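Below is one structure, written out as structure tokens; comments come after it.
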Amino acid sequence: MKPHLTPQQLEAFGNEMDALRQRVLADLGKDDAAYIREVVRRQQQLEVLGRALFYLPPAWPLAVAALSASKILENMEIGHNVMHGQYDWMGDPHLSSRVYEWDNVCPSEQWKYSHNYIHHTFTNILGKDRDIGYGILRMDEDQEWHPYYLGNPVYALLLMVFFEWGVAMHDLEVENIVKGTRRLEENKALHAGIMRKVRRQALKDYVLFPALTGPLFPLTLAGNAAANLVRNVWAFNIIFCGHFPAGAETFSTEECEDETRGHWYYRQVLGSANISGGPLFHVMSGNLSHQIEHHLFPDLPARRYPQIAPEVREICERYGIAYTTGPLRRQLMSVARKICRLALPDRATAPPDEPVAVRRPQAA
């Protein structure tokens with residue numbers, strides 16, 4: 001979609017966003033450092049608690065709950081944000097984007113390329129941002145329909161259950177190998193890193209820690225698998241609700257040629273959606289419930305997103321730029337409808353008529 005703003009308005013919008021970013025950067029300090037260290041401490045406590053409770057079979061549900069919460073915090077509020085470089089300014093080697101390795105089967109170096117660079121540079125540009133459908137799903141009307149997409153709901157369910165594995169396989173571009181646009185040999189450089197990380201995670205969760213509980217091995221193995229499943233389902237839903245509900249736009253390559261800084265900010269807002277909720281919900285989502293602010297400022301500490309969200313929204317309203325947000329239930333239903341609707345040929349579906357939580361009129 002073409003911007004409804006003039007070049008001058010886009011430049012002014014970009015300048016306001018740049019100024020907001022610089023103001024937050026200048027204000028970073030001990031409170032931000034204390035926050036992330038406290039989150040790490042709580043995550044470690046939950047992991048120790050969860051693994052300890054596996055020695056008490058009646059406490060198995062509590063063990064799974066604690067370990068699930070630990071894995072969610074580590075992946076979303078710690079790993080994802082640390083690997084974006086949000087805390088590099090602290091100089092803490094344990095919170096450095098250059099060396100951090102998260103509790104996930106996807107190697108951090110591989111993820112930083114496909115996510116930090118590809119996704120955040122080409123957000124929602126069809127043909128460039130491979131996170132649109134993850135090479136598996138049809139998530140936009142401009143993706144050409146094929147009978148394969150009749151399985152869209154099934155593929156989405158499988159991706160949700162095995163989400164960390166889907167992320168790990170993302171860079172292999174299996175769909176392009178099938179199409180013949182990528183050669184299998186091009187993946188050789190990725191194989192060693194993926195297999196090394198897969199072995200490490202499998203040994204930790206499915207061999208070492210279960211073995212430490214002796215005769216309780218089967219229960220502990222099942223508990224670790226359950227915690228990984230909970231983390232996968234949670235991460236999938238938060239990420240999809242921030243990228244694919246009604247109101248999130250996509251763009252063509254032609255529309256983004258010679259893109260200015262202001263247009264890049266404009267695209268980030270229109271290609272994202274927020275999820276409303278309370279403080280605990282935002283922490284457990286890694287503050288990706290503020291996906292708009294994250295796409296605008298991926299290198300700012302995520303704890304700042306709730307603070308700046310009202311100002312971002314006010315700026316967008318002044319420029320007539322849609323700021324899409326809504327509760328988790330509404331966003332989930334919107335995403336589910338889209339997955340099912342786009343499974344069918346275009347002629348078999350009516351144009352989408354879904355309510356958008358916040359949709360502002362365009363400026364003249």
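Computed from the coordinates by the stated procedures, all read-outs in this text should not be read as laboratory data. Not measured: the values here are computed from a predicted model. Neighbour counts are summed over all protein chains in view; Cβ atoms, including those assigned to glycine, are modelled from backbone coordinates with ideal geometry.
Phi angles of region 102-110 translate, via the Karplus equation with coefficients 6.51, -1.76, 1.60 and θ = phi - 60°, into HN-Hα couplings of 8, 7, 7, 6, 7, x, 4, 4, 5 Hz per residue; Gly and Pro are given as x. Which angle between 0 and 90 degrees, to the nearest 10, do you get for helix 7-27 versus the longest principal axis of the chain when only C-alpha atoms count? Between helix and principal axis, roughly 30 degrees. For the chain, the 222 nm mean residue ellipticity estimated from helices alone, with every DSSP H stretch of n ≥ 4 adding -39500 (n - 2.57) and the total spread over all residues, rounds to -15500 deg cm²/dmol. Given the Cα atoms of region 189-264, and with Rh set as the inverse mean 1/r over their pairs in the Kirkwood sense, what is Rg to Rh to two decimals? Looking at region 189-264, the ratio lands at 1.26. The alpha carbon centroids of region 57-88 and region 218-244 are separated by 11 Å. A straight line joining the Cα centroids of region 189-205 and region 22-45 runs 30 Å.
Extending 7 Å from Cα along the Cβ direction at residue 94 and again at residue 44 yields two label points whose distance is 0.4 nm. A full extension of the chain between residue 198 and residue 276 corresponds to an added length of 24.6 nm, given 0.36 nm per residue minus the alpha carbon distance.
Maximal additional length on extending the residue 317-residue 191 stretch stands at 40.7 nm, based on 0.36 nm per residue less the C-alpha distance. Taking 144, 249, 317 in turn, the Gaussian network model of the chain (Cα-Cα springs below 10 Å) assigns the largest fluctuation to 144.
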